[in-house]
Amino acid sequence: SLASTAITCFTRGLDLRKGTEDVLCPANCPLWQFYVFGDGVYASLSSVCGAAIHRGVITNAGGAVRVQTLPGQDNYPAVNANGIQSQVLSRWASSFSVTAGTKNTALEAVGRSVSTARPSTGKRPKKTVDKKAGNKDCKADIAFLIDGSYNIGQRRFNLQKNFVGKVAVMLGIGTEGPHVGVVQASEHPKIEFYLKNFTAAKEVLFAIKELGFRGGNSNTGKALKHTAQKFFSLENGARKGIPKIIVVFLDGWPSDDLEEAGIVAREFGVNVFIVSVAKPTTEELGMVQDIGFVDKAVCRNNGFFSYQMPTWFGTTKYVKPLVQKLCSHEQMLCSKTCYNSVNIGFLIDGSSSVGESNFRLVLEFVSNVAKAFEISDIGSKVAAVQFTYDQRPEFGFTDHVTKEKVLSAIRNIRYMSGGTATGDAISFTTRNVFGPVKDGPNKNFLIVLTDGQSYDDVRGPAAAAQKAGITVFSVGVAWAPLDDLKDMASEPRDSHTFFTREFTGLEQMVPDIIRGICKDFLDSKQ
């Protein structure tokens, strides 16, 4: 039989490499520190030993567990079992299940402790290069918002600096790894250093050591808002397409309100974590303005973004679980991505040359593109207009704010049949569909679907749409002339123009259109 691998309390499903793996969980893992998502089938983000205790496969005395990798799924439920409260997760790319390992594998594992840290690369010269690049698997731009108030005091301020230093080192800072900066919150916020200032852990450690304690009220809200607005600019070293994270350290409670700062951070696409230390005791609650301050500020109130430490003493064991959270980029629900920050308008040709059955294929194409995006009141939005000589708005960007409703509205579009005035339809859509959202935070895209020659000029209206900040993709079928398609498409025209002879060919284009939207989104992003 296979020998087991000894793992730690914090090893996650995604840290294991094999499809089926026998592992050995240690004894006495702190139950409240486990992150477990789901029940029976666990998201691979979950702690393996935590899931095994939750499932009842082992107790807190540890033991042998067999881990089986499974595909990802939607909606992992939250269930309380065996002293562990598992958490909800809406979607994850892979899962695992746990069953009891066999005893003989456990015997073989004795004395064979295998570190779950990254394996050392030996003494090859390549190592220096790697060190400079940092941990490439951890993509994050992080601001540590440290507490410099009288609440924490000089002594604990120094312990806080030590803790932040350890987190910074374990993150694996480097040119291609995480970048960090520090802001001190007290009476007034002070940005101590930016993301761009240091790309080596040694330098960051030195800079953290040198920080002086400022003192003053604990105006964390003010500091959080300031950091969300000012810290992550490109000129200060923020990188395109990398999650922006603020880790707020709070000793006790804030002197000001965090709610507005939390809203601002979410608007700016920043993921806020709160590490609360020595949280208010029962006697102190009367002094706390708003007992729910953590829930108001974090990115999502789902348990993932809040972290508690009882005191600043003996915090080493809290370093690794915090680092694991900061490196889980799929969990950064507040990041602005092409999936949650675009408006996509579909302009659908309903002319008589299309025909009823092909029109269904067009709607299927529209659904498949829309399906890829995270549609919600604060996320991406979809609208559709059908045109012949006339235009018929099917639904606008604010009519349906869930994916289900959008997909059902697309299914219910009735075929018009008639002529083809594509230019007029583009003008109509620019004015009436995109007009109301032009100052919103999302990037605007128009996908024009047509199967023939337009009776009017398309070049002028398409240029006006692009001038209004709309990126145009043209999708032609059958008799749509390539010149018209190119005239409508945004630059570079070749990558924004699509053509297929048959309506059945639309399906293959879906991934390319989605990729095109995401590429444009990233290129445009500040």
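The values are calculated or read from the model by the stated rules, or taken from the named source; none is laboratory data. Because the structure is a prediction, the values reported are computed rather than measured. Cβ atoms come from the backbone with ideal geometry, glycine included; neighbour counts cover every protein chain shown. These accessible areas exclude ligands, DNA and RNA; they are computed on the full protein's heavy atoms, side chains included. Shrake-Rupley method; radii C 1.70, N 1.55, O 1.52, S 1.80 Å.
Structure notes:
- Among beta bridges that DSSP assigns inside the chain, antiparallel share in %, nearest 5: 35 percent
- Accessible surface of region 5-100 [probe 1.4 Å, protein heavy atoms]: carbon and sulfur percent: 52 percent
- Rounded if a/c under 1.5, otherwise prolate or oblate - region 206-267, Cα gyration tensor axes: oblate
- Partners for Lys405 among lysines (Cα-Cα distance below 18 Å; same-chain residues under 8 apart left out): Lys371, Lys381
- Region 345-421 versus region 133-170: alpha-carbon centroid distance in Å: 49 Å
- Furthest towards positive pole of dipole, Met488, Val472, Gly452, structure part region 342-524, Cβ charges: Val472
- Note: relative contact order over region 342-402, using C-alpha pairs below 8 Å and six or more positions apart, is 43 percent.
- Take each peptide in 319-329, 68-78, count the other Cβ atoms within 10 Å of every residue, and average; sorted highest first, the result is 319-329, 68-78.
- With every protein chain in place, region 342-524: carbon and sulfur % of accessible area (1.4 Å): 51 percent
- Carbon and sulfur %, accessible surface of region 141-331 computed with the full protein complex present, 1.4 Å: 53 percent
- Student exercise, region 5-100 dipole from Lys, Arg, Asp, Glu Cβ charges, in Debye to nearest 20: 80 debye
- Given charges at beta-carbon only (K, R positive; D, E negative), |dipole| of the chain in Debye: 2400 debye
- Order by protection proxy (mean Cβ within 10 Å, highest first), peptides 371-382, 260-271: 260-271, 371-382
- Placing unit charges on the Cβ atoms only, positive for Lys and Arg and negative for Asp and Glu, gives region 141-331 a dipole magnitude near 620 debye about its Cα centre.
- Tensor-based shape of region 342-524 (alpha-carbon gyration tensor, a/c under 1.5 rounded, otherwise prolate or oblate): rounded
- Farthest toward positive dipole pole in region 141-331 [+1 Lys/Arg, -1 Asp/Glu at C-beta], among His188, Ile142, Leu171: Leu171
- Distance from region 203-225 to region 9-69 (C-alpha centre basis), Å: 37 Å
- Cross-link pairs exceeding 24 Å between alpha carbons, from the set Lys196/Lys244; Lys166/Lys225; Lys244/Lys296; Lys196/Lys438: Lys166/Lys225; Lys196/Lys438.
- Normalised contact order of the chain, rounded percent, pairs of Cα under 8 Å and 6 or more residues apart: 9 percent
- Projecting the Cα atoms of Phe198, His329, Phe498 onto the charge dipole of the chain, computed from C-beta unit charges around the Cα centre, puts Phe198 farthest toward the positive end.
- Helix 153-171 axis, angle to the chain major axis (alpha carbon atoms, nearest 10°): 60 degrees
- Tensor-based shape of region 133-236 (alpha-carbon gyration tensor, a/c under 1.5 rounded, otherwise prolate or oblate): oblate
- For the chain, the per residue solvent-accessible surface stands at 45 Å², with DNA, RNA and ligands left out and a 1.4 Å probe.
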